[in-house]
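Structure first, then comments.
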Amino acid sequence: MLSSFLIALREGVEAALVVGIVLVYLNRTGRATLVRWVWGGVLAAVVSSLAVAIALERWKVSEDGFEGLMLLVAAVFVVTMIVWMNRVARHLKKEIEQRVENYAGKGDFSAGLGLATFVFLMVVREGAELALILRAVELSSEGLAVWIGTSLGLCVAIAVGWFFFQGTLKISLGKFFSATSTILILVAVQLGLTGVHELSEAMWLPSSRVEMAYIGPIVRNEVFFFTVILGAAALLALREWMSARSQSSDAVSDAAERRRLEWERRKQRRWAFASAFTCTAVILILAAEFAYTRVTATTEARSIQADGSVVRIPLSEVSDSNLHIYSVDASGTSVRFLVIRKPNGSWGTALDACLICGTAGYRQDGSNVVCRNCASAIYIPTIGEAGGCNPVGVPYRAENGALVIDVPALAEARSRVSH
């Protein structure tokens, strides 16, 4: 949710700045009659952005490789957003006012159409970027949390733009963009790593157990990046606090003005310290909660004896939709395999291993089975299917109230797992 909030806030503030600069310039130069064209361009941009978002939402990406490509593209968009704003921020107001003056100097209809088109293109660029980036964020996060964060970010962005141009909110846009750029770089790193992880799962990129062991838990654990972002925010707030402490108003000769500056700096220091303290406290709480709840004991495999060349597991024993791990001796080698009932009433039977992460094994987490090495969440209905970090499937058949699995099939599947 935090990533989507920051992205929506940043894109929203950029769009609000463009619209605000245009509106202020039109009112200041006595061309208020053209304002309705500006709002028309904004409305068209919002509708177009929503259309892009709906199209991306309806395009159900289910292949790990395509998800990885979308995540990498979104990471590139985040970086280009940061570079673009940092490059044009100093001259943005002047360039927009020049464009507006060029359009406004024409006839009423031509001027309005030119302004509407200009505002539309500027705002729809932010909206389309936002839709694509958030679609990628949604692939690596909980969907509802993404939309809650997006809504909050856009609401705050609109409020910031409104109060800023009304003059009731004093904010250094340079510091705002500097701080959000730092944090969004972390978001871009998360999207990029998640993209690499998805491409590795799809085997579009060569991968190893070591690589997946490092990247997987990072990209699959949202608390990790949430904590990193909070840590970055705490450091930025601490820097502001130290900067405010080092400032002096002794050079101001007027006593009243000096007292006003001192009061503003004290308020700035309090806010900066409170922000840094709050972020640090949340980090400590999350770290304690993570250390307390994350440790999960390895599931003990139940040893069973083969009945000739097959193993038989009573259906009543595996009909509870929980993950069951077994081990059986196959030609002198202990082979671990898992059984779980799928929502459609069939069973998923596979090795407690995959072709990428080897014999690290799996644990159950709600409606998913999670790899212990790379933290990939395996959708239970897909267990037994080939691909990615899915456990290596083995065939089964139901006979006389029992699941029957051939031991040679288990041994053959185990031989394909290199470690």
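Brief remarks on what is shown
For every residue, the table says whether it meets (1) open to solvent by less than 20 Å² (accessible area, probe 1.4 Å); (2) closer than 27 Å to residue 309 by Cα; (3) part of a helix (DSSP H, G or I); (4) in contact with a helix residue (DSSP H, G or I) (Cβ under 9 Å, 6 or more places away or on another chain).
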| site | (1), (2), (3), (4) |
| --- | --- |
| 369 | yes, no, no, yes |
| 384 | no, yes, no, no |
| 391 | yes, yes, no, no |
| 395 | no, yes, no, yes |
| 404 | yes, yes, no, no |
| 409 | no, yes, yes, no |
| 412 | no, yes, yes, no |
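- Considering 12, 20, 40, 30, the condition of being at positive phi and at pLDDT 75 or above is satisfied by 30 alone.
- Residue within the stretch 351-362 that is in contact with a helix residue (DSSP H, G or I) (Cβ under 8 Å, 6 or more places away or on another chain), assigned to a strand (DSSP E or B) and buried (at least 19 other Cβ atoms within 10 Å of the Cβ) present: yes
- The set of residues in the stretch 371-380 being open to solvent by less than 40 Å² (accessible area, probe 1.4 Å) and either among the hydroxyl-bearing types (Ser, Thr, Tyr) or in contact (Cβ under 8 Å) with a residue 24 or more places away in the chain (or both) consists of 371, 373, 374, 375, 376, 380.
- Where a residue in the stretch 172-198 is within 13 Å of residue 85 (Cβ to Cβ) and its partner, wherever it lies, is open to solvent by 10 Å² or more (accessible area, probe 1.4 Å) and at pLDDT 75 or above, with Cβ under 6 Å and at least six apart: 181/82; 184/82
- In the stretch 95-131, the residues that are over 28 Å from residue 82 (Cβ atoms) and open to solvent by 20 Å² or more (accessible area, probe 1.4 Å): 101, 102, 103, 105, 106, 107, 108, 109, 110, 113
The values are calculated or read from the model by the stated rules, or taken from the named source; none is laboratory data. Treat the numbers as computed from the prediction; the structure is a model and nothing was measured. Methodologically, a virtual Cβ is constructed for each residue, glycine included, from the backbone with ideal geometry; neighbour enumeration extends over all protein chains shown. The accessibility values were calculated without ligands, DNA or RNA, using every heavy atom of the protein model including side chains. Shrake-Rupley method; radii C 1.70, N 1.55, O 1.52, S 1.80 Å.
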